[in-house]
1. Anything in segment 213-223 that is in a loop (DSSP other than H, G, I, E, B) and at pLDDT 95 or above? List them, or say none.
2. Could you check how many residues of segment 220-250 are within 15 Å of ligand 2 (Cβ to nearest atom) and of a type outside the set (Phe, Trp, Tyr)?
3. What is the residue count in segment 169-183 for residues that are in a loop (DSSP other than H, G, I, E, B), within 16 Å of ligand 2 (Cβ to nearest atom) and under 21 Å from ILE243 (Cβ atoms)?
4. Out of segment 60-74, which residues are β-branched (Val, Ile, Thr) and either within 12 Å of ligand 2 (Cβ to nearest atom) or buried (at least 22 other Cβ atoms within 10 Å of the Cβ) (or both)?
5. Give all pairs with beta carbons closer than 6 Å in which a residue from segment 27-45 that is farther than 16 Å from VAL57 by Cα and away from ligand 2 (no atom under 13 Å from the Cβ) meets a residue that is of a type in the set (Phe, Trp, Tyr) and not in a strand (DSSP E or B); count only pairs at least 6 apart in sequence or on separate chains.
6. Somewhere in segment 23-36, is a residue within 16 Å of ligand 1 (Cβ to nearest atom) and touching a Leu at 6+ places or on another chain (Cβ under 9 Å)?
7. Before we move on, is GLN166 closer than 30 Å to ASN111 by Cα and part of a helix (DSSP H, G or I)?
8. Quick check on segment 1-26: of everything there that is in a strand (DSSP E or B) and more than 14 Å from ligand 2 (Cβ to nearest atom), which residue is farthest from LEU77 (Cα to Cα)?
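The values are calculated or read from the model by the stated rules, or taken from the named source; none is laboratory data. Just so we're clear, the structure is a prediction, and the values are computed from it rather than from any experiment. Note that we place each Cβ from the backbone using ideal geometry, even for glycine, and neighbour counts take in every protein chain shown.
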Amino acid sequence: MNRIDLHTHSTASDGSFRPAEVVRLAKEAGLKALALTDHDTTDGLAEALAAGEKLGVEVIPGVEISTRHAGDTMHILGYFLDFHSGKLEERLSVLKQARKDRNPKIIAKLNALGIPITMEQVEAISGGGQVGRPHIARALLEGGYVRDLQQAFDIYLKNDGKAYVQKFRFPLQDALGMIRDAQGVPVLAHPFTLNLGSAGALRERFLDLQAHGLAGVEVFYSDHTPEQEALYLKLAKELGLLITGGSDFHGANKPEVTLGNIRSRDRLTYDLVVGLKAWRKQEYGQ
Ligand SMILES: [Zn+2]
Ligand SMILES: [Zn+2]
């Protein structure tokens, strides 16, 4: 009982299981610790922590914040957040509002293209959680406007898609600042999405992020190839960055990914959590 998963989503963002259900699944999967890292919100954390207490699973309060930096978008994970302090919730609510405003804009574009789906339909599909593009994609599929979810993104919803609407993102600095103000540990999520193939370019980027206050890198991840993983691991060690890992579990919204179960699942062990705790103690003195 030493296995963990440090990257999961619930209905508080775009996962299909409620926070307490994610924790119950972690228990069933035999995980010792689980971080709930919903997109841009801490709304699911209280429920997850309560469930963890009841079931004997260590729940790490986390978040995954979308940011922009140097012309790129990147996701920053925050761990062990003191989520009621540091104005974190208040600052994240800016993102929530921006996301709320964005969906009607996307739907208006679809309507203008002759596709009569409604916000009510999309909300019903989301089941009461954060509404986003995956739910709009589902509505397009259910209405018979696309063949599958991939086509919904390809034609309409991806960057430069026919109904794409730019998303608001915090500058990297702000996201790192919010996580640090809440005494959390900031970690770069799934570095393969940076699309930096060469070791040199990646090293530069990691150094840059570290100078901005980044503490670690998500080395072990569902979509990382063995080569990517080896490179990230080497660079993290060389630069003194923490190493983390997780599945990016989304339940039925990403059915190929199950909790704690990535190719390198043997590396998802509790010593990664010990590393996060030690860093936090050293940085914040608690
Ligand atoms: Zn992400
Ligand atoms: Zn994620």
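1. Step one: list which residues in segment 213-223 are in a loop (DSSP other than H, G, I, E, B), which gives 213-215, 222-223.
If the condition is that a residue be in a loop (DSSP other than H, G, I, E, B) and at pLDDT 95 or above, then GLY213, LEU214, ALA215 are the ones that fit.
2. Our first condition is that a residue be within 15 Å of ligand 2 (Cβ to nearest atom); within segment 220-250, this holds for 220-224, 244-250.
Filter once more, so that each one left must be of a type outside the set (Phe, Trp, Tyr): 222-224, 244-248, 250.
Looking only at that region, the number is 9.
3. Of segment 169-183, the ones in a loop (DSSP other than H, G, I, E, B) are 169, 182-183.
From the residues that got through so far, the ones that are within 16 Å of ligand 2 (Cβ to nearest atom) too are 169.
Within this subset, residues satisfying the condition of being under 21 Å from ILE243 (Cβ atoms) are none.
The number of residues fulfilling the criteria is 0.
4. In the first step, residues of segment 60-74 are kept if they are β-branched (Val, Ile, Thr); the result is 60, 63, 65, 67, 73.
Residues satisfying the conditions are ILE60, VAL63, ILE65.
5. As it stands, the answer is THR42/PHE83, since those pairs meet every condition given.
6. The initial filter retains those residues of segment 23-36 that are within 16 Å of ligand 1 (Cβ to nearest atom), namely 35-36.
From the residues that got through so far, the ones that are touching a Leu at 6+ places or on another chain (Cβ under 9 Å) too are 35-36.
Yes: segment 23-36 contains one or more residues that are within 16 Å of ligand 1 (Cβ to nearest atom) and touching a Leu at 6+ places or on another chain (Cβ under 9 Å).
7. Against the criterion (closer than 30 Å to ASN111 by Cα and part of a helix (DSSP H, G or I)), GLN166 does not qualify.
8. Per the criteria, the residue is ARG3.
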